[in-house]
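Colleague: Got a structure for you, written out below as structure tokens; questions coming shortly.
The values are calculated or read from the model by the stated rules, or taken from the named source; none is laboratory data. Values in this document were obtained by computation on a predicted structure and should not be read as measured data. Neighbour counts run over all protein chains shown; Cβ positions are idealised from the backbone, glycine included. Just the protein is used for accessible areas: all its heavy atoms, side chains included, with ligands, DNA and RNA removed. Shrake-Rupley method; radii C 1.70, N 1.55, O 1.52, S 1.80 Å.
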Amino acid sequence: MNDVMAELAKEHSQVSFVKLEAEAVPEVSEKYEICSVPTFLFFKNSQKIDQLDGAHAPELTKKVQRHASSGSFPPSASDHHKEDLRLRLKKLTHAAPCMLFMKGTPQEPRCGFSKQMVEILHKHNIQFSSFDILSDEEVRQGLKTYSNWPTYPQLYVSGELIGGLDIIKELEASEELDTICPKAPKLEERLKMLTNKASVMLFMKGNKQEAKCGFSKQILEILNGTGVEYETFDILEDEEVRQGLKTFSNWPTYPQLYVKGELVGGLDIVKELKENGELLPVLRGEN
């Protein structure tokens with residue numbers, strides 16, 4: 001990344017590039033929540049306007065070019081904009097019964113504190129949704145003021161801030177965590193809910209817009225030809241569902257088609273039903 005920065009410095013002579021060793025200036029690391037190396041901070045008029053965590057040369061180049069070409073630092077947000085942001089943050093904190101604002105995703109945490117938080121929530125089988133604050137600098141900075149909590153991760157239940165990692169650890173130690181956060185349903189209950197989510201449910205690799213396997217693509221084409229409404233679930237995005245549904249349905253392969261919560265079968269069965277003229281009545285729940 002040193003070579004990339006050197007090239008960018010040559011290309012954008014109006015921009016000052018400064019390199020600091022995180023360990024040598026711990027107060028800077030703490031102030032700007034540096035938890036990975038390298039981390040790139042962007043400033044204009046002495047104000048921080050953006051951040052990039054990790055060695056992502058294309059993204060760094062894109063950010064430098066964008067900020068370097070944007071002229072002077074944008075004016076302070078108007079009262080109207082601040083109100084819009086507040087409404088957005090309120091919606092985000094209420095987006096799920098339990099919302100985790102973290103660096104990265106549950107699958108790929110990009111900070112040790114976020115990783116620990118996810119591990120605790122999973123350990124207690126707590127159902128939660130998450131928001132990657134690294135993907136939105138406005139949310140990242142705005143939520144600190146909104147919640148009056150300066151660091152991440154932040155956990156919310158029913159839109160109310162519970163706290164950060166230290167608070168969650170304390171709640172875990174006092175056995176209060178399980179009473180505060182909503183539990184994820186057991187796998188069998190979850191599978192039953194998923195198979196009944198729509199009258200016709202297809203569990204496949206990919207989705208309606210993009211099948212990621214030939215068998216899934218074929219079954220999509222057949223279903224689309226019937227004109228019957230259906231929903232899909234991408235098993236590639238949830239390994240627990242992918243493995244669990246095989247046992248739940250006693251059917252080892254995908255795709256799997258369900259009507260009113262009952263397994264119809266896979267591609268071969270659907271093809272047979274189509275050839276026999278029985279598919280449409282089955283999809284309509286008439287058989």
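Colleague: Of Val228, Val241, Val264, which residue is closer than 23 Å to Gln107 by Cα and either out of contact with any helix residue (DSSP H, G or I) (no Cβ under 8 Å at 6 or more places or on another chain) or not assigned by the TED database to the domain that holds Gln107 (or both)?
Modeller: Val241 is the lone residue from the list that is closer than 23 Å to Gln107 by Cα and either out of contact with any helix residue (DSSP H, G or I) (no Cβ under 8 Å at 6 or more places or on another chain) or not assigned by the TED database to the domain that holds Gln107 (or both).
Colleague: Working only within the range 36-95, note down all residues that are among the β-branched types (Val, Ile, Thr), under 25 Å from Val18 (Cα atoms) and either modelled with pLDDT under 80 or not assigned by the TED database to the domain that holds Lys19 (or both).
Modeller: Once the filter is applied, which keeps residues that are among the β-branched types (Val, Ile, Thr), under 25 Å from Val18 (Cα atoms) and either modelled with pLDDT under 80 or not assigned by the TED database to the domain that holds Lys19 (or both), the range 36-95 yields only Val37.
Colleague: Please state which of the following conditions Tyr254 fails to meet, knowing it meets all the rest: (1) part of a loop (DSSP other than H, G, I, E, B); (2) open to solvent by 30 Å² or more (accessible area, probe 1.4 Å).
Modeller: Unmet for Tyr254, out of (1) part of a loop (DSSP other than H, G, I, E, B); (2) open to solvent by 30 Å² or more (accessible area, probe 1.4 Å): (2).
Colleague: What pairs can you find where one residue is in the range 264-281 and under 12 Å from Trp251 (Cβ atoms), the other is open to solvent by 70 Å² or more (accessible area, probe 1.4 Å), and their Cβ atoms are less than 6 Å apart, with a gap of 6+ or different chains?
Modeller: Gly266/Thr253; Leu267/Phe215
Colleague: Can you list residue pairs whose Cβ atoms sit under 6 Å apart, with the first residue in the range 147-159 being farther than 17 Å from Leu171 by Cβ and assigned by the TED database to the domain that holds Thr93 and the second being surrounded by fewer than 23 Cβ atoms within 10 Å (Cβ to Cβ) and of a type in the set (Ser, Thr, Tyr)? Count only pairs 6 or more apart in sequence or on different chains.
Modeller: Filtered contacts from the range 147-159: Gly159/Thr93.
Colleague: Residues being within 24 Å of Glu7 (Cα to Cα) and in contact (Cβ under 8 Å) with a residue 24 or more places away in the chain: count how many of those fall in the range 19-38.
Modeller: Final tally of qualifying residues: 2.
Colleague: Ok, one more. Cβ-Cβ distance below 7 Å, separation of 6 or more or different chains: which pairs start in the range 224-243 with a residue that is within 17 Å of Leu187 (Cα to Cα) and end on one that is open to solvent by 70 Å² or more (accessible area, probe 1.4 Å)?
Modeller: Here the result reads Leu236/Lys212, each pair linking the range 224-243 to a residue that is open to solvent by 70 Å² or more (accessible area, probe 1.4 Å).
Colleague: Looking only at the range 93-111, filter to residues that are open to solvent by 30 Å² or more (accessible area, probe 1.4 Å) and polar (S, T, N, Q); which one of those is farthest from Ser129 (Cα to Cα)?
Modeller: That would be Gln107.
Colleague: Also, I was wondering about something else. Filtering the range 152-175 down to residues that are open to solvent by 50 Å² or more (accessible area, probe 1.4 Å) and assigned to a strand (DSSP E or B), which residue is farthest from Gln141 (Cα to Cα)?
Modeller: The extreme case among them is Glu160.
Colleague: Taking interchain pairs and intrachain pairs at least six residues apart, which have beta carbon atoms under 7 angstrom, with the first residue in the range 118-142 and closer than 21 Å to Val157 by Cβ and the second hydroxyl-bearing (Ser, Thr, Tyr)?
Modeller: Matching pairs, first to second residue: Ser130/Thr105; Asp132/Thr105; Ile133/Tyr152.
Colleague: Search the range 39-58 for residues that are in contact (Cβ under 8 Å) with a residue 24 or more places away in the chain and pair each with any residue that is in a strand (DSSP E or B) and of a type in the set (Val, Ile, Thr) when their beta-carbon atoms are under 6 Å apart and the residues are at least 6 apart or on different chains.
Modeller: Filtered contacts from the range 39-58: Phe42/Ile49; Asp53/Thr39.
Colleague: Then there is this: Pick out the one residue from Glu229, Glu189 that is open to solvent by 30 Å² or more (accessible area, probe 1.4 Å) and not in a loop (DSSP other than H, G, I, E, B).
Modeller: The unique qualifying residue is Glu189.
Colleague: Another question, then. Any residue that is assigned to a helix (DSSP H, G or I) and more than 21 Å from the chain's Cα centre (by Cα) - is there at least one of those in the range 196-203?
Modeller: No, that holds for no residue.
Colleague: What is the number of the single condition among (1) buried (at least 16 other Cβ atoms within 10 Å of the Cβ); (2) modelled with pLDDT under 95; (3) of a type outside the set (D, E, K, R) that Met201 does not meet?
Modeller: Here Met201 clears every test but (2).
Colleague: Consider Glu239 against the criteria (1) within 30 Å of Cys98 (Cα to Cα); (2) open to solvent by 70 Å² or more (accessible area, probe 1.4 Å); (3) at pLDDT 95 or above: it satisfies all of them except one. Which criterion is unmet?
Modeller: (3)
Colleague: Within the range 209-218, can one find any residue that is open to solvent by less than 50 Å² (accessible area, probe 1.4 Å) and among the aromatic types (Phe, Trp, Tyr)?
Modeller: no
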